[in-house]
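A quick write-up on the structure given underneath.
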Amino acid sequence: MQKVGTDPKLTMAAWENDVKGNARKITHRRKKGKFTQQQKTIVEKCFDEGEQDKKKRYTTSSCQKLMSDKLGQHFTLTENQIASYWSNYRKRKREGSKQKQNKKQKLN
């Protein structure tokens, strides 16, 4: 066994038993907020309109402004939150369409 530090009694195994990860991870978990259904609806509407007609594409700031007008400043998401939601929404849509194609192929 490896010896750690200046104390010869403290071996690596004993040290690993004493130090089990970072205490912050256990006591300070990150708060996971969820978007309201209204927020999701607005963000998805912005994304879908831009996907159907490229001329009507929303930027994150224009979608944020629309959300601010409809829901008020308190419930408005940040541009980073909107961009992140769009990214995850795009992935979910792709996975959903792939699953539909796989089901059609299995049926045929």
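The values are calculated or read from the model by the stated rules, or taken from the named source; none is laboratory data. If you're wondering where the values come from, they're calculated on a predicted model, not measured in any experiment. Using ideal geometry, Cβ is built from the backbone for each residue, glycine included, and neighbour counts are taken over all protein chains shown.
None of K9, K34, K20 is part of a loop (DSSP other than H, G, I, E, B), loosely packed, with under 10 Cβ neighbours inside 10 Å, modelled with pLDDT of 85 or more and of a type outside the set (A, V, I, L, M) except K34. For the stretch 52-75, a residue qualifies if it is touching an Asp or Glu at 6+ places or on another chain (Cβ under 9 Å) and of a type outside the set (K, R), and the qualifying residues are Y58, T59, T60, S61, C63, Q64. Candidates in the stretch 49-81 are the residues that are in contact with a Phe, Trp or Tyr (Cβ under 9 Å, 6 or more places away or on another chain) and closer than 16 Å to Q38 by Cβ; of these, the one that is surrounded by the fewest Cβ atoms within 10 Å (Cβ to Cβ) is S68.
Within the stretch 51-77, the residues that satisfy the criterion of being without any contact (Cβ under 8 Å) to a residue 24 or more places away in the chain, outside any helix (DSSP H, G or I) and within 23 Å of K93 (Cα to Cα) are D53, R57, Y58, T59. Pairs are defined by a Cβ separation below 8 Å, a sequence spacing of at least 6 or placement on different chains, a first member in the stretch 89-108 that is part of a helix (DSSP H, G or I), and a second member that is modelled with pLDDT of 70 or more and surrounded by 10 or more Cβ atoms within 10 Å (Cβ to Cβ); the pairs so defined are Y89/V43; Y89/E44; Y89/F47; R90/F47.
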